[in-house]
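The structure appears right after this line, and notes come after that.
The values are calculated or read from the model by the stated rules, or taken from the named source; none is laboratory data. Just so we're clear, the structure is a prediction, and the values are computed from it rather than from any experiment. Here the Cβ is made from the backbone with ideal geometry for all residues, glycine too, and neighbour counts use every protein chain on show. Side chains included, ligands, DNA and RNA excluded: accessible areas come from the protein's heavy atoms. Shrake-Rupley method; radii C 1.70, N 1.55, O 1.52, S 1.80 Å.
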Amino acid sequence: ARELGAQQLRGAGEAAQAQLELAKAGLSVNDVIAATPGVLDMAAAGGMGLAESAEIAANTMNAFGLPASEMPGIANMLAAAANASSVDISDLAAAMKMSGAVFAANQQPMDDMVTSLAMLGNAGLKGSDAGTSLKTMMMSLAAPTDAAYAALNSMNIAVYDGSGNMRGFSDILNDLALSTANMNDEQRNAALSTIFGSDAIRAASILTRDYGKSWDDISDALGDGSAASKVAGARMKGIAGAVEYFKGSLDSFLIGSALPFLEMVGSMIRGGADLLTSFSSIPVPIQQAVVAF
C-alpha cells in the first residue's frame with residue numbers, strides 16, 4: 001500500500017482503503033495486489049473515492065468473471081468511454097449494476113455494453129435508468145414474446161446462431177438498425193414497441209437510430225490502453241493536483257515514520273487504560289479525594 005500510494009500520488013492510507021474494499025468483495029491477497037493499481041487509476045480518472053472505485057472494480061470483475069489482472073483494462077475502458085461521451089465513470093458504474101449480469105449471462109462482451117451505455121448517455125439516458133432500459137432490451141432479445149419473435153422473423157433478424165448461442169449484441173444491433181432504417185416513424189415505433197416493450201424501447205430507439213458512426217467512434221475509443229492513466233495524470237496537474245500530491249506524500253511519510261513506534265505507542269495507550277481500570281477499583285471516597293486534589 002505504501003509503494004502503490006506513492007506511485008499513484010494518493011497516499012498509502014487511501015491505497016490500503018482500496019485494498020480493504022477489494023478484499024471485502026472476496027478477492028484473494030494476490031488478486032488485491034494485482035487490481036489495486038487499476039482501482040487507483042480509476043479513482044483518479046473519475047474523481048471519486050477509493051472505496052467507490054474499488055466497489056465498481058469488484059462488481060465488474062465478479063459480474064463478468066474476469067481475473068484481477070484485467071482491472072487495468074476495465075479502468076482504461078471506463079475512462080475512455082467517459083472521455084468519448086457525456087457520461088462519467090459514476091454514471092457508467094450505476095448503469096452497469098443494472099445491466100452487467102444480464103450481458104454476462106448471455107456471453108456478451110463488456111465493451112459492447114459500455115459502448116451502448118455511452119451512446120445512451122449522449123442521448124440523455126444515464127445512470128441506473130440507462131442500465132435498466134438496456135437490461136430490459138437484452139432480456140427481450142434473449143427470451144422474446146411470441147409477438148416479438150414474429151416481428152423479429154419478419155425483419156429477418158436472428159438473435160441466436162445455428163448452435164443456439166446468442167449472436168454478438170453489436171451484430172444484432174446492426175441488423176436492427178438496417179431493418180428499421182427505411183421505416184417511417186409509425187412503422188419503426190410499432191416494430192420496436194412490439195419487440196422491446198415500453199421500457200426497453202427507449203434504449204432500442206436510441207441505439208438503432210445512432211448505430212453506425214457513433215457506435216464505431218466510441219467503440220474505437222475504448223481501445224485506448226492508457227486512458228485511465230492519462231486522465232488521472234491530467235487531474236493531478238495544477239494547484240489541486242499539487243495539493244493531492246503533497247497530501248499523499250505526507251500520508252505515506254507519516255505512516256512510514258510511525259511504523260517503528262507503533263508497538264511502543266500501543267503499549268503506552270494500553271498501560272493508560274489499565275491505570276484507569278485500576279483507579280475505578282479504588283473505594284469511591286478515595287477516588288473523589290484524588291480527583292479533588
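Restricted to region 237-288, and to residues there that are over 20 Å from residue 15 (Cα atoms) and either open to solvent by less than 60 Å² (accessible area, probe 1.4 Å) or touching a residue at least 12 places away in the same chain (Cβ under 8 Å) (or both), the residue that is nearest to the chain's Cα centre (by Cα) is 238. Quick check on residue 45: is it aliphatic (A, V, I, L, M) and over 18 Å from residue 219 (Cα atoms)? Yes, satisfied.
The one condition from (1) over 20 Å from residue 249 (Cα atoms); (2) open to solvent by 50 Å² or more (accessible area, probe 1.4 Å) that residue 80 does not meet is (2).
One residue stands out in region 40-67 among those that are more than 26 Å from residue 107 (Cβ to Cβ) and hydrophobic (A, V, I, L, M, F, W, C): the one that is most open to solvent (accessible area, probe 1.4 Å), namely 51.
Tell me which residues, restricted to region 148-181, are open to solvent by 40 Å² or more (accessible area, probe 1.4 Å) and either among the aromatic types (Phe, Trp, Tyr) or not in a helix (DSSP H, G or I) (or both). Of everything in region 148-181, those that are open to solvent by 40 Å² or more (accessible area, probe 1.4 Å) and either among the aromatic types (Phe, Trp, Tyr) or not in a helix (DSSP H, G or I) (or both) turn out to be 149, 156, 158, 160, 161, 162, 163, 164, 165, 167, 181.
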